[in-house]
1. Which of the GluC sites (Glu not before Pro) across the range 447-508 are loop residues per DSSP, with 13 or fewer other Cβ within 10 Å?
2. Scan the range 346-386 for trypsin sites (Lys or Arg not before Pro) in coil per DSSP, keeping those whose Cβ has at most 16 other Cβ atoms within 10 Å, and list them by number.
3. Can you order the peptides 216-222, 458-464 by their average number of other Cβ atoms within 10 Å per residue, highest first?
4. Mind scanning Lys149/Lys305; Lys156/Lys502; Lys260/Lys305; Lys66/Lys330; Lys365/Lys544; Lys460/Lys573 and naming the pairs with a C-alpha gap bigger than 32 Å?
5. What is the gain in length, in nm to one decimal, between Asn417 and Asp402 on full extension, counting 0.36 nm per residue of separation less the C-alpha to C-alpha distance?
6. Testing the spin-label approximation: label points 7 Å from Cα along Cα→Cβ at Ala298 and Val208. State their distance in nm.
7. Calculate, for Phe336 and Ser475, the FRET efficiency according to 1/(1 + (r/R0)^6) with r their C-beta to C-beta distance and R0 56 Å; round to the nearest 0.05.
8. Which one of Tyr471, Phe414, Met454 is farthest out on the positive end of the charge dipole of the range 321-475, using unit charges on Cβ (Lys, Arg +1; Asp, Glu -1) and the Cα centre as origin?
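Read-outs throughout are calculated quantities, based only on the coordinates presented, and are distinct from any laboratory measurement. Note that this is a predicted model, so its numbers are computed, not measured. Because the Cβ atoms are built from the backbone with ideal geometry, glycine has one as well, and the counts that use them run over all protein chains shown.
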Amino acid sequence: MLKKYYFQFFLLSLAFVVFYNDDYKIIIAGVAIFLVGMVFMEEGFKLFSGGVLERALQVSTDTLPKAIGTGFVATAIMQSSSLVSVIIISFLSAELITLAGAIGVIFGSNLGTTTTAWIVSSFGVKIDIAIYAMPMVIFGVVLRFSQSKSYQGVGKILLGLGFIFLGIDYMKDGFEVLESRFELSKFAVEGYLGALIYISFGIFATVVMQSSSAAMALIITALATNQIVYINALELSIGANVGTTITAVLGAISSNSNGKRVALAHFIFNITTATIAVIFLYQLSDLTILLASKIGIADNDYAMKLALFHTIFNLLGVMVVSPFTHRLVKYLETLFIEVNMYALKPLYLDKVVINVPDAAIESIKKETIRLYDSAIEAISHSMFLHRHKFIKNADLESAVKDTDITLNTDINEFYTNKIKSLYGEIVHYATLSQDNMNEEYQNKVYDLKLASRMIIEAIKNMRDLQKNILYYSKSKNPYVKDEYNNLRLYIARTIDTIEKLKEHDDELDVISAIELLKENTKALESIKNSRIDTLIRENKIDSKMATSLINDSVFAYDVTQKLIQVATILWIKDIDIRTLGVQI
């Protein structure tokens, strides 16, 4: 009940604070403008990178040090750990990176967020940053109207930076005005009780604002205007680190198992880091003061000392936790294991992934491959065949003829209860994903939707074929029985060849084998064109058998061609080679 009205209560409380005190209104407006800037920055980098960021993260996470370094650099440049986290969870969900690589990026990203404190403490509170904000906003708006996605991205980045600078300026002005009327620093609390209070407040502020960067900007401006004392600012920064983890955990509740594992790893890392920072708070404070004097930070420049402290305890967390990453991965892999009662429930179509084009396409492809594998199982069973008995079998013909008539999957029921729902999920997800893609990516998604449709059509053709295969496999007429065995053999050979092609790395070899397979399956045409005529003239089959055989040879041919087309889309990545195959 309380949860239902939580947001309304928050709005009423915010309205009361805003209209009750003009000083608080300026500070809150600064936070709001800062958060708008962060949103624009994220959207800008998505447009500007054009997939470069995604590809860089994908190839730079094969070792833990590289993953940590990549997470640090990406977050330091974009000033958005949330965007990096979304991409990493997307890639992990699509199995483009390992869990260890994803965790390494999260470690590095946590360290990368400390650059925000350096920027704010170095520029935001020392110069009139609003002077630089105005030109950024102006040029950002102009570039937003460009036709080029890259220019639009640059425009959003400039808008984001402009709003961030304006937000910092508003927060600074608000605290300076507040200082002349009310001194918050007189409520400073020392000792571990103070640590508990201010860490809790830091957590609360970060969860409310949904941004540790905004929380750190608020803490630094409050410290620079003497509204809080130095030691309490350190405690608030620890709370902000914990708060951003809670935000990630809440966001991962509706995610898949991999999203939950990354969020839990993030939580474990930040809680461990915060615990170390609290236990050794005063020792780390002394170390910060010592290092500050060595690198030229003035004794009274507490804002930059806070930035240094923020970096030190996050770096310490990376040094302490990263050696145990392998054990952490092993532990996390035992959690959130999805018990799937329905074999064809989507495994990769995560709503987090949908906003990252490369990961979305890979997720759709993996789900389409699952659809294909399930369809192949149903098709094989509808012909009374076990896949493991005929696939890669040197004597394929004997394997097909040694039929177990008791094996009989109702392909219509299989399609209705399992295949149809998964196909619907793939098409729905693929359609939504195209909203965030350029034309090249949209074409790739279209091909995958086409492959899914071909799989469904192959299933429907087998549905029409299954009854007669069952009926004539029991026939006492050896000729019609042989012909239906031939139909089964062609379909089985197509499936077997495609399974072998999956293991080939050379796509030219694959397309050549596919074209050869197409030629071989054209022999199905001869069944209705010549062989059936011969069987009829020699009175080896009756007219009813001939009619059924003509119709079913068409269905069998369509099944083989659709499976070949699906294989071409799923296992030939190079568009030019795929096009070459169509032209041959």
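1. Qualifying residues, ordered by number: Glu503.
2. Details: sites: Lys351, Lys365, Lys366, Arg370; in loops: Lys351.
Answer in residue order: Lys351.
3. Working: 216-222: 28.7, 458-464: 21.7.
Result, highest mean Cβ count within 10 Å first: 216-222, 458-464.
4. Working: Lys149/Lys305 40 Å; Lys156/Lys502 43 Å; Lys260/Lys305 35 Å; Lys66/Lys330 20 Å; Lys365/Lys544 43 Å; Lys460/Lys573 27 Å.
Violating the 32 Å limit, Cα to Cα: Lys149/Lys305; Lys156/Lys502; Lys260/Lys305; Lys365/Lys544.
5. Working: separation 15, 0.36 × 15 = 5.40 nm, distance 2.94 nm.
Between Asn417 and Asp402, full extension yields an extra 2.5 nm.
6. My value for the distance between the label points is 3.2 nm.
7. Values: r = 52 Å, r/R0 = 0.93.
For Phe336 and Ser475, the calculated efficiency is 0.60.
8. Of the options given, the answer is Tyr471.
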